[in-house]
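Enquirer: Please see the structure below; I have some questions.
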Amino acid sequence: MGDYTYASVFWMYSLMALFVFGTLYFLVKALRSGAVRDDEAPKYRMLEDDVPEGGHHGEKA
Amino acid sequence: MIKKIDKNNILFVAAATGFFAIGGILTTFAPPLLDASWAKPAPGLQNYPELAKGGDAHADLVMKGRAIYVRDGCWYCHTQQTRTIEADTVRSGWRDVRSPVSTPDEFVFDKPHLFGTRRVGPDLSRAGGKYDKQWHATHFKDPRSLVPGSAMPPFPWIANNPAELDAMVAYIQSLGRAKDWRPTHDYEE
Amino acid sequence: MSSLAAPLPATATTAASPASHEDRSSFAFLAIASLFFVISGIVALLVAGKLQMPTLLGNIAWLTYGRMRPLHVNGMLFGWLLAADMGLAFYLVPRLCGVKLWSEKLGMATMYLWVVIILGAVVEIPLGHNQGLEYAELPTWLDVLVVVAWLMFAANIFMTVANRKYEQMYVSLWYIMGAIIWTAFVYLVGNFATLFTTGVNQANLNWFYVHNAVGLIFTPLGLALGYYFIPKAAEAPLYSHRLSMIGFWSLAFVYVWTGAHHMLHGPISQWLQTVSILFSVMLMIPVWTLVYNFFATMKGQWHQLKDNVPIKFMMTGTIFYLLTCFQGPMHSLRSVNAIVSKTDWIVGHAHMAVLGAFSFFAVGGAYYAIPRMLKTRLHSQALANASFWLWLVGGLSFFVSLWIGGFLQGLQWNDPSIPFIDTVKFMKPFWSVRLIGGTFMFGGILLFFWNLLATWLHRSERPAETV
């Protein structure tokens with residue numbers, strides 16, 4: 001058994017392969033499900049000086 | 001499903017935990033199962049905790065010294081690992097004989113582990129037997145009297161307390177003896 | 001402490017202005033954090049001084065280097081930085097959710113418990129009650145209290161998020177919730193699982209904890225602050241929310257694998273070392289997406305660097321973050337690691353992460369948030385600016401001297417013909433520069449503390465122009 005044929009090295013290879021394919025799978029799935037469209041609203045809303053629930057439209061009784 | 005994560009905090013928690021758990025499990029619980037050498041003691045390794053429990057006076061002294069080493073934070077400045085780096089084997093060696101590198105089987109009974117992370121002072125993984133008790137007593141009282149320029153603080157409460165000094169010396173002399181590698185005999189057994 | 005933590009003066013204008021956030025526990029957390037910042041800073045100077053003069057207070061057991069160093073590290077990490085992060089989380093989570101904090105009472109109780117924990121540590125560590133594991137030095141009874149406090153903090157944040165007004169969550173909320181979840185696991189592994197293991201197995205869990213304490217506690221909390229305070233202070237929208245999600249999920253996945261890179265070349269399985277190297281290099285993905293996002297947010301806004309103090313802190317923190325997270329993957333390469341590992345280079349690296357990047361985020365956030373939560377103006381912009389320059393100049397001289405010294409010392413170590421003690425003597429001038437840089441930074445801490453205190457004392461004399 002050489003340095004490159006230890007069981008743990010094959011374990012590493014299979015792990016890396018799993019991640020590469022997993023990444024591609026989720027990337028494609030995310031693109032198809034529209035996860036990367038229309039998600040920029042929060043960044044504009046966070047700039048408003050928001051007030052807690054009940055404060056916006058007249059005072060809480 | 002993916003799109004909903006940023007709107008649904010339960011889904012978010014599940015996903016964040018899951019992503020983390022893959023690496024979390026594979027790097028914590030899996031390695032000791034995959035590499036049996038972590039738990040298999042080296043042939044020459046003394047099980048000091050167990051011996052001390054069995055009433056062995058020397059082992060008890062070693063364990064007391066180890067506790068002082070932990071208490072006073074010696075491990076913040078001294079590592080206990082001869083790494084797979086050539087210079088490490090020379091520096092851990094003794095009288096032109098190189099030391100073997102540290103392997104997991106030499107540390108099976110260490111609790112807490114004291115591998116350390118910083119070398120303000122030299123590595124101690126093979127310190128056992130290099131200097132005798134008188135040297136250590138003087139060194140603990142005033143490190144600079146033996147090693148000019150040393151950054152080690154004095155430890156008078158160890159040097160002036162026979163019980164603590166004996167324990168510390170016993171512990172230091174026990175370091176790195178799981179492997180038999182020295183040609184000539186030590187100052188002290 | 002009780003006077004600092006007392007309820008804020010009732011704002012007479014409540015009837016006229018819309019209902020507002022109470023911010024009681026947020027302010028109290030920042031108050032104790034800045035106090036512990038000063039105290040840990042004093043300990044830091046003592047520790048740095050001891051390297052210069054090993055006999056400095058050296059004959060007193062409880063003041064010895066090996067007991068003061070963990071006090072400094074734990075004080076800075078948990079007393080200052082984590083407390084400040086929790087305080088700022090209590091500030092920004094309710095604002096991003098559009099609702100009040102779920103329970104101010106629970107928040108105050110968490111703060112009091114945190115004070116008990118820190119004071120417990122201040123007593124236990126000098127007594128030498130050290131568990132012998134880095135970052136996990138505290139005795140178990142304090143570990144249990146930390147878990148309780150964290151659950152209280154988690155309940156408050158998650159209930160606030162569950163009650164939120166806006167369905168879609170801003171990225172800072174993600175990071176804070178992620179940090180809470182991950183911290184729970186990381187902390188349990190580092191402080192409890194280690195009790196049942198020995199040797200290399202325990203070391204592996206210990207480094208898992210040490211690395212992820214920075215990577216999955218302080219990093220996500222610090223980045224949450226960056227994502228909130230950079231757009232807020234610059235009054236410019238974040239460049240891309242989408243990019244922030246990529247950064248978040250890659251961080252969630254990649255960070256946790258890297259603990260074993262603390263043991264490179266050491267007595268631990270080679271394949272585990274390789275896994276940690278691989279993932280350490282992949283860390284550049286979340287880091288660079290985030291840094292690009294912050295820089296692109298500032299596009300057209302860079303002129304604000306001139307006199308917007310919170311922005312100065314946030315952007316300098318971002319640069320420190322980029323540098324520190326470039327060093328990290330590089331150190332993990334075996335050839336580089338053989339030189340820098342165990343040297344002062346790593347000490348410089350660690351200080352740039354915690355004191356440079358994440359403390360800069362927390363300080364910038366505090367300068368922005370404190371006046372707003374007290375509905376007043378900052379006591380002095382000039383002092384805040386001075387604290388920035390003290391930190392920058394002190395920090396850079398501190399970091400750079402340790403990098404140069406540490407790198408050269410590492411090269412010397414690799415030449416076994418040089419006696420070890422010569423490499424120690426070689427470091428002394430670099431340690432002097434570090435001490436001077438540290439003194440500058442301590443000055444910055446004092447100015448920061450004084451500015452916050454004065455802002456609080458004079459809060460009613462200086463109402464904010466606009467609420």
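The values are calculated or read from the model by the stated rules, or taken from the named source; none is laboratory data. Only a predicted model underlies this, so the values are computations on that prediction, with no experimental measurement involved. When we count neighbours, we look across all protein chains shown, and the Cβ atoms used for this are built from the backbone with ideal geometry, even at glycine. These area figures cover heavy atoms from the full protein model, side chains too; ligands, DNA and RNA do not enter into them. Shrake-Rupley method; radii C 1.70, N 1.55, O 1.52, S 1.80 Å.
Enquirer: Nearest 100 Å² is fine: what is the total accessible surface buried where chains A and C meet, probe 1.4 Å?
Expert: 2600
Enquirer: State the volume of the convex hull built on the alpha-carbon positions of the stretch C:40-103, expressed per residue in Å³ and rounded to an integer.
Expert: 84
Enquirer: Under 23 Å Cα to Cα from C:LYS342, which lysines show up? Leave out anything in the same chain fewer than 8 places away.
Expert: Those lysines meeting the cut-off are B:LYS111, B:LYS130, C:LYS50, C:LYS425, C:LYS428.
Enquirer: List the accessible area buried at the contact between B and A, summed over both sides and calculated with a 1.4 Å probe, in Å² to the nearest 100.
Expert: Counting protein atoms only, the buried area is about 600 Å².
Enquirer: Go through C:GLY58, C:PHE442, B:TRP181 and say which Cα lies farthest out towards the positive end of the charge dipole of the protein assembly as shown; charges sit on Cβ, +1 for Lys and Arg, -1 for Asp and Glu.
Expert: The one lying farthest along the dipole's positive direction is C:PHE442.
Enquirer: Further question on the same structure: Quick one: what Rg and Dmax do you get for chain B from the alpha carbons, in Å?
Expert: Computed over the Cα atoms of chain B, radius of gyration and Dmax are 21.4, 71 Å.
Enquirer: Provide the solvent-accessible area of B:THR103, counting protein heavy atoms only and rolling a 1.4 Å probe, rounded to the nearest 10 Å².
Expert: 40
Enquirer: Right, something else. Would you work out the charge dipole size for the protein assembly as shown about its Cα centre, treating the Cβ of every Lys and Arg as +1 and the Cβ of every Asp and Glu as -1, and quote it to the nearest 20 debye?
Expert: I would put it at about 1000 debye.
Enquirer: With a 1.4 Å probe and all protein chains kept in place, how much accessible area does C:TRP102 have, in Å² rounded to the nearest 10?
Expert: 120
Enquirer: Can I ask one more? Above 25 angstrom, tally the Cα pairs of the stretch C:12-155 and express them as a % of all pairs, no decimals.
Expert: The proportion of pairs with Cα distances above 25 Å equals 37 percent.
Enquirer: Run through every distinct alpha carbon pair of chain C and return the Kirkwood hydrodynamic radius in angstroms, one decimal place.
Expert: 22.8
Enquirer: Same structure, new question: B:GLU50: accessible area at probe 1.4 Å, nearest 10 Å²?
Expert: Here the residue's solvent-accessible area equals roughly 100 Å².
Enquirer: Quick one: P(r) of the stretch C:172-261 from all Cα-Cα pairs, 5 Å bins, percents rounded to integers, in order of increasing distance.
Expert: 3, 14, 22, 20, 14, 10, 7, 5, 3, 1, 0
Enquirer: Would you calculate the volume per residue, in Å³, of the smallest convex hull containing every Cα atom of the stretch C:309-388?
Expert: 80
Enquirer: Based solely on C-alpha atoms, express the radius of gyration and the Dmax of the stretch C:266-413 in angstrom.
Expert: My reading of the Cα-based Rg and Dmax gives 18.2, 57 Å.
Enquirer: Let me ask you something else. Considering only protein heavy atoms and a 1.4 Å probe, what is the carbon-and-sulfur percentage of the accessible area of the protein assembly as shown? Could you put the intermediate results ahead of the total?
Expert: Values: 18830 of 27730 Å².
Carbon and sulfur together cover 68 percent of it.
Enquirer: Amide H neighbours of C:THR376 under 5 Å, counting only residues 5+ apart in sequence or on other chains, H built in-plane at 1.01 Å?
Expert: Those lying under 5 Å, H to H, from C:THR376 are C:ALA464.
Enquirer: To continue, here is another question. Choose one of B:ALA59, B:GLY93, B:TYR48: the residue whose Cα lies farthest towards the positive end of the charge dipole of the stretch B:48-174 (beta-carbon charges +1 Lys, Arg; -1 Asp, Glu; about the Cα centre).
Expert: Value: B:GLY93.
Enquirer: OK, next. When the helix-only estimate is applied to chain C (DSSP H runs of n ≥ 4, each -39,500 (n - 2.57), divided by the residue count), what is the mean residue ellipticity at 222 nm, nearest 500 deg cm²/dmol?
Expert: The helix contribution divided over chain C gives -23000 deg cm²/dmol.
Enquirer: For the protein assembly as shown, what is Rg from Cα atoms divided by 2.2 N^0.38 Å, rounded to two decimals?
Expert: Values: Rg = 26.2 Å, N = 717, 2.2 N^0.38 = 26.8 Å.
Here the answer is 0.98, to two decimals.
Enquirer: Would you list, by chain and number, the lysines whose Cα falls below 28 Å from the Cα of A:LYS29, excluding same-chain residues fewer than 8 positions away?
Expert: A:LYS43, B:LYS3, B:LYS4, B:LYS7
Enquirer: Leaving ligands and nucleic acids out of the surface, order C:PHE253, C:PHE279 by accessible area at 1.4 Å, largest first. Please report the intermediate quantities before stating the final value.
Expert: Values: C:PHE253 40, C:PHE279 5 Å².
The ordering from most to least exposed comes out as C:PHE253, C:PHE279.
Enquirer: Another question, then. Place a +1 charge on the Cβ of each Lys and Arg in the stretch C:21-457 and a -1 charge on the Cβ of each Asp and Glu, then give the dipole magnitude about the Cα centre in debye, rounded to the nearest 20.
Expert: Dipole size: approximately 700 debye.
Enquirer: Only loop residues by DSSP count here, and only those with at most 10 other Cβ atoms within 10 Å; note down the trypsin sites (Lys or Arg not before Pro) in the stretch B:83-189 that meet that.
Expert: Numbers: sites: B:ARG83, B:ARG91, B:ARG95, B:ARG98, B:ARG118, B:ARG119, B:ARG126, B:LYS130, B:LYS133, B:LYS141, B:ARG144, B:ARG177, B:LYS179; in loops: B:ARG83, B:ARG95, B:ARG98, B:ARG118, B:ARG119, B:ARG126, B:LYS130, B:ARG177, B:LYS179.
Filter output for the stretch B:83-189: B:ARG95.
Enquirer: Here is a follow-up. Within 10 Å of each Cβ in peptide C:64-70, how many partner chain Cβ atoms are there on average? Round it to a whole number, please.
Expert: 6
Enquirer: Heavy-atom accessible area per residue, the stretch B:48-174, 1.4 Å probe: how many Å²?
Expert: It amounts to 37 Å² per residue over the stretch B:48-174.
Enquirer: In addition: To the nearest hundred square angstrom, how large is the accessible surface buried between C and B, total for both chains, probe 1.4 angstrom?
Expert: Separately minus together, C and B give about 6600 Å² buried.
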